[in-house]
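Everything on this sheet refers to the single structure shown next.
The values are calculated or read from the model by the stated rules, or taken from the named source; none is laboratory data. Computed from a prediction, not measured in an experiment: that's the story for all the values here. Methodologically, a virtual Cβ is constructed for each residue, glycine included, from the backbone with ideal geometry; neighbour enumeration extends over all protein chains shown.
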Amino acid sequence: MTLSLNKLKKPLLLTLTLLSASPLHASDPQELGWMQGFPPAKDKRIMQPQANYFSFPKLRWTVCHIRELLPTQEVSRGLGAPVPLPYSLDDKIDDIVFTPSGSNVTMTWRDALDANYTDGVLIFHHGKVVYERYLGCLAEDKKHAAMSMTKSLTGLLAEILIAEGKLDDTLQVDSIIPELKTSGFGNASVRQVMDMTTSIQYSENYADPNADIWRYSQAASPLPKPDNYQGPDGYFEYLATVKKANQHGIEFGYKTVNTDVLGWIISRISGLEVTDLLAQKIWLKMGAEQDAYMTVDGIGTPFAGGGLSASLRDLGRIGLLMLNHGEINGQRLFASSVVDAITQGGDKAAFAKANYPSLSGGSYRSMWWILHNEHQAYAARGVHGQTIYIDPKANMVIVRLASFPSASNSKIDPTSLPAYHAVAKYLLSSSTLP
């Protein structure tokens, strides 16, 4: 494997050229020729209607091209000039060594990028970019699917509305959304929705072809429904069909439908689509380089639970906002209490019942994963390896975008979480950085 450093323009970008015959290289979208040519060869096309565009290795192209497959709504950055990020690149980070969980064989940071099918990674220390790489389908001017990291932004918007006195998290859901009165969400509190401690009859097991997630996806699909389709149309109609299971507030259950209920709540409260609220509160104000976008259902409702695509650097700005308790570029975008409310964490006992071995001792609060480790780190996480990892003690943010073959992060955590912690310890001990 050869490392190629290309001086594109200031600041210096470190770009990798993968030359080996590794599984990572063998699945590279450019090497495989997905959607290349005029027109692309028939066996190299990824297009609708096609149910497997998220299958591996097509996934490695798809994550950077969602807008070409599904209708979307823009998250506008406005017309102002972007605020450049300060750089102080550290070429020693590639050689940081750590031991993956459950292993006695060490690995380098650079090795971990390949092991996790990384498409892009950005590291901030004391507000400066110390590491930046683009691989796979991603480039500095492209966007990547954030997957369920979208949930954390929906939760952040809800916490902002709470801090502004516009949303009361103790209210029952049906007092805000009467349409959900007879659903499983009706008598849940807004807080139970935000922390995913609702008890509902809904399975999100992607490995089960009969799981509810697939009926939800069918309802939400913006593509024309089959002539014989009799089910709900769109996110909101589907949410009204979800039934209650047991008592709310007892056990954490990671279910995307909670986030789409929260998206409905914050839209009803604010009078804005989630996309416009995200732009108004954050994207227009944080010095973003690019617009973002979100996928929508057949009636134009943004997918609050997983539809965002954005650039690596702009997702890094989200991490900086959280690390700096609502401030960026010398401006306050939201109250410090918003981050305090999130990082206090959720109910550890409720979280433990869900059995996440790689996140043992953690909790879930406002759609953020709280690790409760020695550095009090917390994260936004999405399937196939998406992460915004924030380490307050090390004054560090890591954003990693990926196209790992399996959706489950449990298969990635053994090599990613120890790697993040190793970088944090290195930055804390480094004498070359501020």
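Here the range 137-151 is the region considered, the condition is being in a loop (DSSP other than H, G, I, E, B) and of a type outside the set (Gly, Ala, Ser), and the residue that is nearest to Ser363 (Cα to Cα) is Met147. Against the criterion of being small (Gly, Ala, Ser) and modelled with pLDDT of 95 or more, Ala407 does not qualify. Checking the stated criteria, Gly316 turns out to be within 24 Å of Ala402 (Cβ to Cβ) and part of a helix (DSSP H, G or I). Of the helices (runs of 4 or more DSSP H) contained entirely in the range 336-434, those carrying at least 3 residues that are in contact with a helix residue (DSSP H, G or I) (Cβ under 7 Å, 6 or more places away or on another chain) fall at 336-343, 413-429. Of all the listed residues (Ala146, Ala158, Ala139), the sole one being surrounded by fewer than 23 Cβ atoms within 10 Å (Cβ to Cβ) and either touching a Lys or Arg at 6+ places or on another chain (Cβ under 7 Å) or not charged (D, E, K, R) (or both) is Ala139.
Given the criteria more than 30 Å from Leu427 (Cα to Cα) and not in a helix (DSSP H, G or I), does Leu79 qualify? Judged against the criteria, Leu79 is a match. Any residue at all in the range 201-214 that is in a helix (DSSP H, G or I), at pLDDT below 95 and touching a helix residue (DSSP H, G or I) at 6+ places or on another chain (Cβ under 9 Å)? Yes, some residue in the range 201-214 is in a helix (DSSP H, G or I), at pLDDT below 95 and touching a helix residue (DSSP H, G or I) at 6+ places or on another chain (Cβ under 9 Å). When the range 378-417 is filtered for residues that are more than 14 Å from the chain's Cα centre (by Cα) and either hydroxyl-bearing (Ser, Thr, Tyr) or within 19 Å of Asn355 (Cα to Cα) (or both), the ones remaining, listed by number, are Ser406, Ser410, Lys411, Ile412, Asp413, Pro414, Thr415, Ser416, Leu417.
From the list Thr154, Thr170, the lone residue that is on the phi < 0 side of the Ramachandran plot, in a loop (DSSP other than H, G, I, E, B) and of a type in the set (S, T, N, Q) is Thr170. Give the residues of the range 173-199 that are assigned to a helix (DSSP H, G or I) and either aliphatic (A, V, I, L, M) or within 14 Å of Ala240 (Cβ to Cβ) (or both), sorted by residue number. Hits for the range 173-199 are Val173, Asp174, Pro178, Glu179, Leu180, Val190, Val193, Met194. Among the residues here, Ala163 does not qualify as under 28 Å from Pro71 (Cα atoms), hydrophobic (A, V, I, L, M, F, W, C) and touching a helix residue (DSSP H, G or I) at 6+ places or on another chain (Cβ under 7 Å).
Annotation: of all residues in the range 106-136 being in a loop (DSSP other than H, G, I, E, B) and among the polar types (S, T, N, Q), the one that is surrounded by the most Cβ atoms within 10 Å (Cβ to Cβ) is Asn116. Checking each residue of the range 49-61 against the condition of being crowded, with 17+ Cβ neighbours inside 10 Å, touching a strand residue (DSSP E or B) at 6+ places or on another chain (Cβ under 9 Å) and part of a loop (DSSP other than H, G, I, E, B) gives no match. Is it true that some residue in the range 173-187 is touching an Asp or Glu at 6+ places or on another chain (Cβ under 6 Å) and surrounded by fewer than 16 Cβ atoms within 10 Å (Cβ to Cβ)? Within the range 173-187 (the criterion being touching an Asp or Glu at 6+ places or on another chain (Cβ under 6 Å) and surrounded by fewer than 16 Cβ atoms within 10 Å (Cβ to Cβ)), the answer is yes, since at least one residue qualifies. Tell me whether the range 217-232 contains one or more residues that are surrounded by fewer than 16 Cβ atoms within 10 Å (Cβ to Cβ), modelled with pLDDT of 95 or more and assigned to a helix (DSSP H, G or I). For the range 217-232, residues surrounded by fewer than 16 Cβ atoms within 10 Å (Cβ to Cβ), modelled with pLDDT of 95 or more and assigned to a helix (DSSP H, G or I): absent.
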